[in-house]
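Colleague: Before I ask anything, let me first share the structure, which is written out below as structure tokens.
The values are calculated or read from the model by the stated rules, or taken from the named source; none is laboratory data. This structure is a prediction, so every number in the text was calculated from the model and none was measured. Counting neighbours? That spans all protein chains shown, and the Cβs are built from the backbone with ideal geometry, glycine included. Note: accessible area is taken over every heavy atom of the protein model, side chains too, but ligands, DNA and RNA are not part of it. Shrake-Rupley method; radii C 1.70, N 1.55, O 1.52, S 1.80 Å.
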Amino acid sequence: MSDPFELNDDIPFEPAQPHVPAVPPPPPVWLDKLNPEQKEAVLATEGPVLVLSGAGTGKTRVLTTRLGYILAQRMAKPWQILAVTFTNRAAREMRERVGNLVGPAAEAVWLGTFHALGVRMLRRYGEAVGLRSNFTILDADDQMRLLKQLMEADDIDSKKWPAQGLMGVIQRWKDRGLTPDKVGQAQGTDYAAGRALALYRAYQERLKTLNAADFGDLLLHCLTIFHDQPDVLKQYQEQFRYVMVDEYQDANVAQYLWLRLLTQTHRNLCCVGDDDQSIYSWRGAEVGNILRFEKDFPDAKVIRLERNYRSTPTILAAASHLIAHNADRLGKTLRTGHAGDVDPGLPVKVRGVWDGAEEARWVVDEIEALQRGGHKLPEIAILVRAGFQMLEFEERLITTGVPYKVVGGPRFYERMEIRDAVAYLRLIHQPDDDLAFERIANKPKRGLGETTIQKVHQLARKLNIPLVEAALRMVETDELRPAARNALKALAADFERWRSLKDTLGPADLAAQVLDESGYTLMWQTDKSPEAPGRLDNLREFVSGLEEWENLAGFLDHVSLVMENDAAAGQDSVTLMTLHAAKGLEFDSIFLPGWEEDIFPSRRSLEENGQKALEEERRLAYVGLTRARKRVHVSFAANRRVYNQWQSSIPSRFIDELPKDKVEQEADAGLYGGGGAGRSWGGLSESGARSGAGFRKPVRMVEADEWQVKSHGKSEHGFKIGDRVFHEKFGYGLVEEIDGSKLAIAFDKAGRKKVLDSFVEPSS
């Protein structure tokens, strides 16, 4: 048998023959509830089929009806059908719907997520890859603990090469179906001083020794089994007569390989997805899988579902006009699915405001007006591009008493990094706060392990004194190791110095100094995990929010009240979430704030991935627009405090890409000044630079929207022309140009790139 990993494009494409009983049952009556395109997708059971399902076009109905139709017509036994979803919730919903159509037969269908189905196969055949049937699936914490042990044993500098970054490299390899012997010179092998591949190999061997697998292994091991055990692959290929996949645009390469191998016999593969809603590349999703479907299957049938039953014609026209600016798409145009004369609906409202605080006030005022007009709060959502934008909206919603919930993550003050920052401030304000001391004593790591903290606890309980006082007493004795004693002594000195400043520095300046001098900011800057940039953004927004407070005590009281201000169970509330978390949801009214260049599209994304990232950002905007049934409110600010620094902003290019006849433009009087070239909103010029390493405030100039930036030939992080630097993605290079926080670097392998100086470090 040829190598399945090569995808064997020489396999002849013979059209599959329908498998139906001699006397098939009459077509079920529920087919009559489908529109023509939906019905076509259900009845096209034989051969490869791609169903391009636009937002709100009924893809779940198509999938469940198709599965139910195959069972009702007795075209296959339940266990001969493989149906794949991306979430357990979607799997449960599909099984329930199919059960309503055909009864208990739905229970025997192989229906679940990629991971769940992979586990089912590995429990049976895992011995082929060295796993016993009772293998353990490690969670993220266990994975990191294991990898850190291997890195320490290999004497890898964890400060220069954090374990989170190496885990990201390994998971990307697994997402692409690459076992250690197949990695070769793939991107990322230079991580950890060129030891990444060896550590990957050691990590996999250690997992087998522990009889364990991580989530990336659940499909990767299946691919290995299919490669090494062709009889196992053949069994599954013959078993699964029909294969269906939901959200195909979100599949990664390993999932794509797994699906294609399983369907090479019957070739009855039906993929349902929307290339215009592929927004998860950072999770490994590969939009190219859906874009090349017709190349992979030349005899494929492509069916477009374009009748939208969710949004008004005006919203659909605006979203379609926007997404048409993408080049890499298969193409479709949403239109209303409702018959007869349909009200076109309200125009998309685009409003310009002076700054972020005014934007939050305006959004919440509009929400209260909708509520007074009889609109229910659960039908209203605020969708932001990045988590750091949430703080101003949360503060305003709390101030006005409008109930809200954050979906897809904790509230702002409940985030780990914000709790840590607040704990530092609590301990400055109240030295007897033992809980705050426990939280940050070893954050960032200071060599104060569990043993040290336990000894401090023992003394505190014995003498009935606070932990801080116990720690101060212990640094004068020999009960602790010298390293731990010195670390405690230095920490105590830091807090004594910070307390001396709390009455002279404002809360924002104090917090900035504490986060920088404690090493907490640096901890997240050197962390290479995908979450680290967002945590830094949240910390910067946290410091910005402190500008509104005159003293530390008032702010800490406010935080305490906020933490107790949870909405009562079942209470109607506004939804606040990121655009990524909103996919698959819908609301009557949607607010889309922060549509400015550098925020949306994201500056970081564009710098890292260029045109490819721009198209994904545009797909994200499309997702935001199509969440709305009746109303869309887009807003942008002329000035915004980002990373604790004011900057002038220009409207997002996505605003210009909306059709003018579907948009109602609003702006505060006198917002822009006269004339101006460039964007249709009045030629706002971009000024101001973002701060890099820490949270120090720059010098404020007379103009409210400008900051004084003095580089003296150096970037904000102190880099100068000719410096040799290192970038995690592009490797080593030489600084050629400096523009504030932006560097033009000639990289040894990647060529000339423009990057932010906060993403590079001096070459050692």
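Colleague: Using a 7 Å offset from the Cα along the Cα-to-Cβ direction at both Arg473 and Ala492, what is the distance between the two label points in nm, to one decimal?
Modeller: Between Arg473 and Ala492, the simple spin-label model gives 1.1 nm.
Colleague: Can you tally the net charge around Val119? Count Lys and Arg as +1, Asp and Glu as -1, for every other residue whose Cβ sits under 13 Å from the Cβ of Val119.
Modeller: Charge balance in the 13 Å sphere: +1.
Colleague: Shifting gears a bit: Can you work out D for region 238-334 in µm² s⁻¹ from Stokes-Einstein, where Rh is the Kirkwood radius over C-alpha pairs, the temperature is 37 °C and the viscosity is 0.692 mPa s?
Modeller: Here the translational diffusion coefficient equals 222 µm²/s.
Colleague: If you don't mind, there's one more thing I want to ask. Under a point spin-label approximation (7 Å from Cα along Cα-to-Cβ), what is the Gln611-Asp557 distance to one decimal in nm?
Modeller: Between Gln611 and Asp557, the label points sit 5.8 nm apart.
Colleague: Relative to the longest principal axis of the C-alpha atoms of the chain, give the angle of the C-alpha long axis of helix 140-153, reported between 0 and 90° and rounded to the nearest 10°.
Modeller: Tilt relative to the chain: about 60 degrees.
Colleague: Using the per-residue mean of other Cβ atoms lying within 10 Å as a proxy for protection, in what order, highest first, do the peptides 756-763, 149-156, 163-170 fall?
Modeller: Per-residue Cβ counts within 10 Å, averaged per peptide and sorted highest first, yield 163-170, 756-763, 149-156.
Colleague: Just by accessible area at a 1.4 angstrom probe, what is the order of Lys295, Lys583, Lys662 from largest to smallest?
Modeller: Ranked from most to least accessible, the order is Lys295, Lys662, Lys583.
Colleague: Another question about this same structure. For Asp343, what is the net charge nearby, where nearby means another residue's Cβ is under 15 Å from its Cβ and Lys, Arg count +1, Asp, Glu -1?
Modeller: Once all neighbours under 15 Å are counted, the net charge is +4.
Colleague: Could you work out Rg/(2.2 N^0.38 Å) for region 305-355, with Rg from alpha carbons only?
Modeller: Against the empirical 2.2 N^0.38 Å value, I get 1.37 for region 305-355.
Colleague: Compute the whole-percent fraction of alpha carbon pairs in region 159-266 spaced more than 16 Å apart.
Modeller: In whole percent, the long-distance tail amounts to 63.
Colleague: Right, next: When the C-alpha atoms of the chain are aligned to their principal axes, what extent does each axis show, in angstrom, from largest down?
Modeller: Cα spread of the chain along its principal axes, largest to smallest: 89, 66, 56 Å.
Colleague: Under the definition of Cα pairs under 8 Å and six or more residues apart, what whole-number percent is the relative contact order of the chain?
Modeller: 14 percent
Colleague: Got the relative contact order for region 204-276 handy, in percent, Cα pairs under 8 Å and 6 or more residues apart?
Modeller: 34 percent
Colleague: Need one word for region 425-553: rounded, prolate or oblate. Basis is the Cα gyration tensor (sqrt eigenvalues a ≥ b ≥ c); a/c below 1.5 gives rounded, then a/b vs b/c decides.
Modeller: Since a/c reaches 1.5 but b/c is at least a/b, the shape of region 425-553 is classed as oblate.
Colleague: Right, another one. Which shape class, rounded, prolate or oblate, goes with region 340-380 when its Cα gyration tensor gives a ≥ b ≥ c as root eigenvalues, a/c under 1.5 marks rounded, and past that a/b bigger than b/c marks prolate?
Modeller: Oblate, since a/c reaches 1.5 and b/c is not below a/b.
Colleague: Moving on. Probe 1.4 Å, all protein chains in place: accessible area of Glu127 in Å², nearest 10?
Modeller: 150 Å²
Colleague: What's the FRET efficiency of Ala369 with Glu547 using the Cβ-Cβ distance as r and R₀ = 35 Å, to the nearest 0.05?
Modeller: E(calc), rounded to 0.05, equals 0.80.
Colleague: Then there is this: To the nearest 10 degrees, how steep is helix 450-463 against the longest Cα principal axis of the chain, on a 0 to 90 scale?
Modeller: For helix 450-463, the angle is close to 50 degrees.
Colleague: How far is helix 114-125 tilted off the main Cα axis of the chain, in degrees rounded to 10, range 0 to 90?
Modeller: Rounded to the nearest ten degrees, it is 70.
Colleague: If packing is taken as the average count of other Cβ atoms within 10 Å, what order do 517-523, 418-424, 635-641, 59-65 fall into, highest mean first?
Modeller: Top of the packing list down: 635-641, 59-65, 418-424, 517-523.
Colleague: Where in region 55-70 does the amide nitrogen come within less than 15 Å of the point 7 Å from the Cα of Val342, taken along Cα to Cβ?
Modeller: The answer is 55-59, whose backbone nitrogens lie closer than 15 Å to the label point.
Colleague: If you count, for each residue, the other Cβ atoms within 10 Å and average over each peptide, how do 271-284, 325-338 line up from highest to lowest?
Modeller: Highest to lowest by the protection proxy: 271-284, 325-338.
Colleague: Listed here are the pairs Lys174/Lys208; Lys528/Lys583; Lys39/Lys295; Lys160/Lys753; which of them are more than 19 Å apart at the Cα?
Modeller: In this structure, Lys528/Lys583; Lys39/Lys295; Lys160/Lys753 lie more than 19 Å apart at Cα.
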